[in-house]
Amino acid sequence: MSAPTPETITDSDSARASLEALRTEIAKAVVGQDPAVTGLVVALLCRGHVLLEGVPGVAKTLLVRSLAAALELDTKRVQFTPDLMPSDVTGSLVYDARTAEFSFQPGPVFTNLLLADEINRTPPKTQSSLLEAMEERQVTVDGAPRLLPEPFLVAATQNPVEYEGTYPLPEAQLDRFLLKLTVPLPSRADEIHVLTRHAEGFDPRDLKAAGVRPVAGPAELEAARAAVAKVSVSAEIAGYVVDICRATRESPSLTLGVSPRGATALLSTARAWAWLTGRDYVTPDDVKALALPTLRHRIHLRPEAEMEGVTPDSVINSILAHVPVPR
């Protein structure tokens, strides 16, 4: 493999610095959610989609809006409700009386960053309307495929499934999300910080007034993706990822383990994390760091395990503790 040129190194370092600056910008609007910010950046680098889960009121929507503002990307928001139709997401053919012809009216999915708010409050038929967009990066209306813009990322928020009026996402759609990030309630200190900001006049609807400014754009994102693609993966690391995923298929607590798509996703996110931390090779620690958000939504617990208090995260942590780590 040829050595990187000084120009390549400069481009890579500049792109990394721009993406690292996102944390500072988003922190002007969102307090104490660094892991979620990092997860969103990793998803952008891997061309993946993100599922954000947390109770109402923990700034899930504000987090995505702040990311779009700091990246200078076009963004649209869809509030998922029980009566939302698939065409409300993808677009539809509209009859024009003047020309006596049907023309395509694009839906909100035609954007760079789609915020699918409370996706589990709409029935499965509408949830599945996002499947083709997420996987193929296109939508088909009246038999004609229509390409979506690049970059394209779906950031879907959902309330915990125990909440009233929610529809659990089907496994096929869950598997299309690269990461599932949990957005916890803030600590006492962070919550005091939030209240202080609001007392000083912070308006979550006006991000410009909060000082959030673009620090990166599509060019920096493309340079970063090119750099991530050059991060090397040893045979031992590839074997470690496979061993972790195969262990989930043999776990007595699970009815569904991680598919090969999940193994590919874990390798991709580990490469992105390695690059973000300044390395051009993947280590076992990179794999461990991204295992929970990449795999927790790709496994399914047995009912008896759930009743005993077992969680997807506890199963994955147990597997990480027992699978041999390559030296």
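For the range 55-71, give me each residue that is at positive phi and surrounded by 15 or more Cβ atoms within 10 Å (Cβ to Cβ). Walk me through how you get there before you give the answer.
Restricting attention to the range 55-71, the residues satisfying the condition of being at positive phi are 57, 59.
Listed by number, the list holds a single entry, ALA59.
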Mind checking which residues of the range 140-174 are farther than 24 Å from VAL58 by Cβ, surrounded by 12 or more Cβ atoms within 10 Å (Cβ to Cβ), at pLDDT 80 or above and under 20 Å from the mean Cα position of the chain (by Cα)? LEU148, PRO149, PRO151, PHE152
If THR99 passes every condition in (1) closer than 24 Å to ALA68 by Cα; (2) polar (S, T, N, Q); (3) open to solvent by 50 Å² or more (accessible area, probe 1.4 Å); (4) not in a strand (DSSP E or B) but one, which one does it miss? (1)
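Take the range 271-285 and flag every residue that is closer than 17 Å to LYS180 by Cβ and either among the charged types (D, E, K, R) or open to solvent by less than 50 Å² (accessible area, probe 1.4 Å) (or both).
Initially, the range 271-285 is screened for residues closer than 17 Å to LYS180 by Cβ, giving 272-273.
Selection gives ALA272 alone.
One line per residue, one yes/no per condition, for (1) closer than 30 Å to ASP142 by Cα; (2) of a type outside the set (A, V, I, L, M, F, W, C):
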| residue | (1), (2) |
| --- | --- |
| ALA36 | no, no |
| VAL58 | no, no |
| MET85 | yes, no |
| ARG98 | yes, yes |
When only residues in the range 35-68 that are small (Gly, Ala, Ser) and touching a residue at least 12 places away in the same chain (Cβ under 8 Å) count, which is nearest to LEU114 (Cα to Cα)? ALA68
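Looking at ALA265, ALA247, ALA289, ALA274 in this structure, which one is among the hydrophobic types (A, V, I, L, M, F, W, C) and over 22 Å from ALA43 (Cα atoms)?
On the way: ALA265 fails: over 22 Å from ALA43 (Cα atoms); ALA289 fails: over 22 Å from ALA43 (Cα atoms); ALA274 fails: over 22 Å from ALA43 (Cα atoms).
Selected residue: ALA247, the only one of ALA265, ALA247, ALA289, ALA274 that is among the hydrophobic types (A, V, I, L, M, F, W, C) and over 22 Å from ALA43 (Cα atoms).
So that you can scan it fast, the table gives a plain yes or no per residue for (1) surrounded by 14 or more Cβ atoms within 10 Å (Cβ to Cβ); (2) in a helix (DSSP H, G or I):
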{"site": "LEU221", "(1), (2)": "yes, yes"}
{"site": "VAL241", "(1), (2)": "yes, yes"}
{"site": "ARG246", "(1), (2)": "yes, yes"}
{"site": "ARG261", "(1), (2)": "no, yes"}
{"site": "THR269", "(1), (2)": "yes, yes"}
{"site": "VAL287", "(1), (2)": "yes, yes"}
{"site": "HIS297", "(1), (2)": "yes, no"}
{"site": "GLU306", "(1), (2)": "no, yes"}
{"site": "PRO324", "(1), (2)": "no, no"}
Can you tell me which condition ARG188 does not meet? The list is (1) open to solvent by 40 Å² or more (accessible area, probe 1.4 Å); (2) among the charged types (D, E, K, R); (3) touching a residue at least 60 places away in the same chain (Cβ under 8 Å), and all the others hold. (3)
Can you tell me which residue in the range 191-212 is most open to solvent (accessible area, probe 1.4 Å), limited to those that are closer than 22 Å to VAL55 by Cα and in a helix (DSSP H, G or I)? LEU195
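For the range 271-282, which residues satisfy the criterion of being in a loop (DSSP other than H, G, I, E, B) and modelled with pLDDT of 95 or more?
Let us first name the residues in the range 271-282 that are in a loop (DSSP other than H, G, I, E, B), namely 277-280, 282.
Passing the criteria: only VAL282.
Looking at ARG146, ARG137, can you tell me which residue is touching a Phe, Trp or Tyr at 6+ places or on another chain (Cβ under 6 Å) and of a type in the set (Lys, Arg)?
On the way: ARG146 fails: touching a Phe, Trp or Tyr at 6+ places or on another chain (Cβ under 6 Å).
So the residue among ARG146, ARG137 that is touching a Phe, Trp or Tyr at 6+ places or on another chain (Cβ under 6 Å) and of a type in the set (Lys, Arg) is ARG137.
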Counting only residues in the range 103-116 that are in contact with a Ser or Thr (Cβ under 9 Å, 6 or more places away or on another chain) and assigned to a strand (DSSP E or B), the one surrounded by the fewest Cβ atoms within 10 Å (Cβ to Cβ) is identified as GLN105
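The values are calculated or read from the model by the stated rules, or taken from the named source; none is laboratory data. The structure presented is a predicted model; accordingly, all values stated were derived computationally and were not measured. Here the Cβ is made from the backbone with ideal geometry for all residues, glycine too, and neighbour counts use every protein chain on show. These area figures cover heavy atoms from the full protein model, side chains too; ligands, DNA and RNA do not enter into them. Shrake-Rupley method; radii C 1.70, N 1.55, O 1.52, S 1.80 Å.
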